[in-house]
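> Supplied in structure tokens, the structure appears directly below.
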Amino acid sequence: MSTAQCPALLVAAPASGQGKTTVVAALARLHRRLGRRVRVFKCGPDFLDPQIHAIATGSPCENIDFRMCGEADARWRLVRAAADADLILIEGVMGLHDGEPSAAELARRLGVPMLLVLDASAMAGSFGAVVWGLKHYREHSGGGAPIEAVLANRVGSDYHAQLCRETLSDPSAADIAWRGALPRDLDAALPERHLGLLPAAEIADLDARIERMADALATTPAAELPPAVEFAVVPAPTFEPALQGKTIAVARDPAFCFHYPANLECLEALGARLAYFSPLNDAAPPACDAIWLPGGYPELHGPQLAANRAMAAALSAHVDAGNPLLAECGGMMACFDELHAVDGERHAMFGLLPGSSRMQRRLGGLGLLAVDLPEGHLQGHTFHYSLSETPLTPLLRASRADGREGEAVYRRARLTASYMHFYFPSNPAATAALFNR
């Protein structure tokens, strides 16, 4: 079997909130400044971290996940990146032993070494013990994690970093290399809210924050390229031009900003022309055959959406004419009659579906999903802090990985709406059917 070679690291952490997104972005920018072509991937279903990495590298950040995306999909995307990149960075999801498959398992199956990011702000002498334990956990049963190096995050001083580094001098940690440290720096931290990090477009000084962390890594061993990894060549998928000659209007603005790069690429590979528009600011979508309202933050832009009655009328006319419209999560919320903010304020939405959505302070849905639509089987996920009520009877419901019932899918004429975010490459033919009249 032929292979493609490229230096690569899977960057993981013991838990969420340890700073791995900041570290990956800083590493990507550092190596890019050194003249290297860097490609970043994100494990799991995530829209926000990839936006940060796209800014850091100047290239789209794709998602890989053996359950949502499929193993073949992940492997051919990595091979494609290896063909023209000097470094591949893969950001893990949650803690490195969380999920199924976990970041540790993905690293083992892909043959990619791991760089562990460890928040050292509340430890020193225990640093090496934590690293050792994470590396060897479940090793007796074929588990463990291929951790080859560690980077200490949020250290308080050079002396603090030295204490952490000295713990790796123990013979039991001899196979774990030190890759430097990043200081505790609130000015460089990435701001968050209820769905995770802020979208990249909302962080005015994002580039400066990434540069600041890259500067901190510039004199550390992290500036060195890791060894090359051999990626087994997997054939790229082929696409029937089922959307040839079709124009799909794609909502893209601060209220509708959750797009997998792979989804956009899939639509174009199917032959569609993509025309972007802003439901917040435009009076109508561009002339099109179908519309995609992806997820985002309609709850943060309620007054502006409510005021755009011209857009509501144009979307209604599109659906009434029997044209396809796919509304995912925040896109579906905007299709209901009303949206209720956390503080109770009500905002009129587009009125394409009867009912309302209500924001809350706790999760309303989270996890990977699969659904068997009339058009075919699709994989995806859900993640939201709202609940929706509608008199509509669901067309069907998605299913969770454990077989439990998942999110409802609603349909009115050719309008398809759900809290589920679909991963289009999981079934390009079904995707084409969703957007064809």
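> If we sort 315-322, 212-219 on the protection proxy, mean other Cβ atoms within 10 Å, highest first, what's the order? If you can, show how the numbers build up before the last one.
Details: 315-322: 15.8, 212-219: 17.8.
Result, highest mean first: 212-219, 315-322.
> Let me ask something else. Gap in Å between the Cα centre of the range 323-354 and the Cα centre of the range 39-78?
The range 39-78 and the range 323-354 have Cα centres spaced 29 Å from each other.
> Under a point-charge model restricted to the Cβ atoms of Lys and Arg (+1) and Asp and Glu (-1), what is the dipole moment magnitude of the chain relative to its Cα centre, in debye to the nearest 20? List each step's numbers first, then the result.
Numbers: 38 positive and 48 negative charges, 65 e Å.
Once rounded to the nearest 20, the dipole reads 300 debye.
> Please report the orientation-averaged projected area of the range 247-435, defined via the convex hull of its C-alpha atoms, in nm². Spell out each step's value before the answer.
Values: hull surface 38.0 nm².
So the mean shadow area of the Cα hull is 9.5 nm².
> Then there's this: If packing is taken as the average count of other Cβ atoms within 10 Å, what order do 299-311, 132-144 fall into, highest mean first?
So the peptides 299-311, 132-144, ranked by packing, come out 299-311, 132-144.
> Long-range amide H contacts for GLY70: which residues qualify at under 5 Å (H placed 1.01 Å from N, peptide plane, sequence gap of 5 or more or a different chain)?
ASP65
> With θ taken as phi - 60° and the coefficients 6.51, -1.76 and 1.60, list the Karplus ³J(HN,Hα) couplings across the range 338-345 in order, rounded to whole Hz; mark glycine and proline as x.
9, 10, 9, 6, 4, 7, x, 5
> Find the eigenvalues of the gyration tensor of the Cα atoms of the range 18-78, then list the square roots of 5 times those eigenvalues as equivalent ellipsoid semi-axes, largest first, in whole angstrom.
Taking √(5λ) for each eigenvalue gives 21, 13, 9 Å, largest first.
> While we're here: For ASP372 and ASP343 in the same chain, what is the full-extension length gain: residue separation times 0.36 nm, less their Cα-Cα distance, in nm?
Separation in residues times 0.36 nm, less the Cα-Cα distance, equals 6.8 nm.
> Kindly identify the range 247-324 as rounded, prolate or oblate by the Cα gyration tensor criterion: order the square roots of the eigenvalues as a ≥ b ≥ c, call it rounded if a/c is under 1.5, otherwise compare a/b with b/c, prolate if a/b is larger, else oblate.
It is oblate, given that a/c is not under 1.5 and a/b is not larger than b/c.
> To continue, here is another question. From the residues MET311, ALA334, PRO294, which one has its Cα farthest along the dipole of the range 247-435 in the positive direction, the dipole being from +1 and -1 charges on Cβ of Lys/Arg and Asp/Glu about the Cα centre?
My answer, from the dipole projection, is ALA334.
> While we're looking at this one, here's another question. So for the range 247-435: antiparallel DSSP bridges make up what percent, rounded to the nearest 5?
Counting only bridges with both partners in the range 247-435, antiparallel ones make up about 60 percent.
> Sticking with this structure for a sec: Give me the number: length gained by fully extending ALA174 to GLU389, i.e. 0.36 nm times residue separation minus the C-alpha to C-alpha distance, one decimal in nm.
Extra length available between ALA174 and GLU389 comes to 71.7 nm.
> Quick one: divide the alpha-carbon radius of gyration of the chain by 2.2 N^0.38 Å and tell me what you get.
On the way: Rg = 22.6 Å, N = 437, 2.2 N^0.38 = 22.2 Å.
Dividing the Cα Rg of the chain by 2.2 N^0.38 Å gives 1.02.
> On a full-extension model of 0.36 nm per residue, what is the gain between ALA122 and ARG400, subtracting their alpha-carbon distance, rounded to one decimal in nm?
Here the segment from ALA122 to ARG400 would lengthen by 96.4 nm.
> Counting only the backbone N, which residues of the range 210-240 are under 18 Å from the spot 7 Å out from the Cα of ALA72 toward its beta-carbon?
Answer for the range 210-240: 232-240.
> Of all DSSP beta bridges located in the range 3-232, what percent are antiparallel, nearest 5?
Close to 20 percent.
> May I pose another question? Classify the range 3-232 from the C-alpha gyration tensor, please: rounded if a/c falls under 1.5, else prolate or oblate depending on whether a/b exceeds b/c.
Values: a/c = 1.41, a/b = 1.07, b/c = 1.32.
Judged from the Cα gyration tensor, the range 3-232 comes out rounded (a/c under 1.5).
> Quick check: pseudo-label points 7 Å beyond the Cα along Cα→Cβ at THR220 and ARG361, how many nm apart are they?
Placing both labels 7 Å beyond Cα along the Cβ direction yields 3.6 nm.
> Report P(r) for the range 202-312: all Cα-Cα distances, bin width 5 Å, range 0 to the bin holding the largest distance, values in whole percent.
2, 10, 13, 13, 12, 12, 11, 12, 8, 5, 2, 0
> Can you work out the Karplus-derived ³J(HN,Hα) for every residue in the range 16-23? Use 6.51 cos²θ - 1.76 cosθ + 1.60 with θ = phi - 60°, whole Hz, and x for glycine or proline.
Values, residue by residue: 5, x, 8, x, 5, 5, 4, 5 Hz.
> Just how far, in whole angstrom, is the range 260-283 from the range 377-437 if you go by their alpha carbon centroids?
Result: 19 Å between the Cα centres.
> According to the square roots a ≥ b ≥ c of the eigenvalues of the Cα gyration tensor, what is the shape class of the range 144-258, taking rounded for a/c under 1.5, prolate for a/b larger than b/c otherwise, and oblate for the remainder?
Judged from the Cα gyration tensor, the range 144-258 comes out oblate (a/c at least 1.5, b/c at or above a/b).
> Apply the Karplus parameterisation 6.51 cos²θ - 1.76 cosθ + 1.60, with θ equal to phi minus 60°, to every residue of the range 316-330 and state each ³J(HN,Hα) to the nearest whole Hz, in sequence, with x for glycine and proline.
Coupling constants for the range 316-330: 4, 5, 4, 5, 4, 7, x, 8, x, 9, 9, 10, 10, 6, x Hz.
> Could you check what % of the DSSP bridge pairs in the chain are antiparallel, to the nearest 5?
Working: 37 of 80 bridges.
So the antiparallel bridges amount to about 45 percent of the total.
> Please sort 342-352, 173-183, 54-64 by packing, taking for each peptide the average over its residues of neighbouring beta carbons within 10 angstrom, highest first.
Sorting 342-352, 173-183, 54-64 by mean packing, highest first, produces 54-64, 173-183, 342-352.
Read-outs throughout are calculated quantities, based only on the coordinates presented, and are distinct from any laboratory measurement. Everything numeric in this text was worked out from a predicted model, so none of it was measured. Cβ sites come from the backbone with ideal geometry, for glycine too, and all protein chains shown count toward neighbours.
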